[in-house]
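Derivation of every value follows stated rules applied to the coordinates shown; laboratory data play no part. Owing to the predicted nature of the structure, the values given are computational and were not obtained by experimental measurement. Note that we place each Cβ from the backbone using ideal geometry, even for glycine, and neighbour counts take in every protein chain shown.
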Amino acid sequence: MLSETVLDRMQSPDEFRYERKVVVYGMTMHEVESIVKSHPAIFTERHFPRYINNIYLDTLNMSNYLDNVDGLSTRLKVRVRWYGNLFGFVENPVLEFKTKRGLIGGKICFPLKSFCLDNKYSLEKQQEIFKEANIPEILIEYLKALRFTLLNRYYRKYFESSDHSFRITIDSGMEYYRLESSNNSFNERKVDYHSCILELKYSRENEDFSESFFNYFPFRLTKCSKYASGVENLYY
């Protein structure tokens, strides 16, 4: 795994936040949204809804996935993220190193040049894009050892409490595609239109209020990783 010390040097403590998730079954996004808006903290939308797309990379032995499944306190996910259309010309993609230490998460981001996601897209091309970006050499070396594992997509809505202390996102319409190093037809696909993922995000200074805050929701906090779910749906 990429050295924790390397990642720690690139992040300040202020960049980390708590991230608590709930998987909601049998309810539409509209129903979940109504529950969020009825919370006494008075949640309102803070951003236009949008589609989020991710390409995940992992080691040959899938160590990032296995660390998540094994419940290790320190975990890492590496992904290329963009918004809007899934296929075709990809504008403003970003490489993200998403770190997790217990319930606290953070990420380091690097802008990438645009590319085209089609059947000619390959790991070799993506590695060239990494080399041309302003990414520290130690991370470039780590990226060279990774392979494609998963392409996913979902629809996200954003909410914020009236005092700006808590944020909530609701994700729905999850789609997962198996991703090989080259020659992808994107035909191996799984979808989940029957669940939503609600995520509560807040800073460390609000840790003491989080449990009472969440008690207003009729949901149970659960462990949830879209990356792990996608891998399990497509590979196992």
Residues of the range 131-174 with backbone N under 20 Å of the label point set 7 Å from the Cα of Phe219 along Cα→Cβ are 153-174
Which aspartates and glutamates, on any chain, are close to Lys100 with Cα under 13 Å apart, when same-chain ones fewer than 8 places away are left out? Glu4, Asp8, Glu15, Glu19, Asp67
On the formula 1/(1 + (r/R0)^6), with r taken between the Cβ atoms of Asp208 and Phe110 and R0 of 30 Å, the FRET efficiency rounded to 0.05 is 0.30
Using only Cα atoms, what Kirkwood radius does the range 151-203 have, in angstroms? 13.1 Å
Are any of the pairs Lys21/Lys157; Lys201/Lys223; Lys113/Lys190; Lys77/Lys144; Lys144/Lys190 more than 21 Å apart by Cα-Cα distance, and if so, which? Lys113/Lys190; Lys144/Lys190
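So what is the relative contact order of the chain, in percent, for Cα pairs below 8 Å that sit 6 or more residues apart?
Values: 458 pairs, mean separation 66.9, N = 236.
Rounded, it is 28 percent for the chain.
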Calculate, in whole percent, how much of the Cα-Cα pair population of the chain lies beyond 34 Å. 15 percent
Excluding residues fewer than 8 places away in the same chain, name every one of the aspartates and glutamates whose C-alpha is closer than 17 Å to that of Lys125. Asp58, Glu91, Glu141, Glu180
List, in order, the whole-Hz ³J(HN,Hα) value for each residue of the range 185-194 obtained from phi through the Karplus relation with A = 6.51, B = -1.76, C = 1.60 and θ = phi - 60°; use x for Gly and Pro. 9, 6, 7, 7, 9, 10, 10, 9, 9, 10
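For a Förster distance of 22 Å, can you work out the FRET efficiency between the beta-carbons of Met62 and Asn119, rounded to the nearest 0.05?
0.35
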Likely footprinting exposure, Asp118, Asp171, fewest C-beta neighbours within 10 Å first: Asp118, Asp171
What are the aspartates and glutamates whose alpha-carbon lies under 12 Å from the alpha-carbon of Lys37, with same-chain residues fewer than 8 places away excluded? Glu45, Glu160
To the nearest 0.05, the calculated FRET efficiency linking Ala145 and Tyr51 through their beta-carbon distance, R0 being 25 Å, is 0.25
Going by C-beta contacts inside 10 Å, put Leu198, Leu95 in order with the fewest on the left. Leu95, Leu198
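Rg over Rh of the range 97-180, using C-alpha atoms and the Kirkwood radius, what does it come to?
1.03
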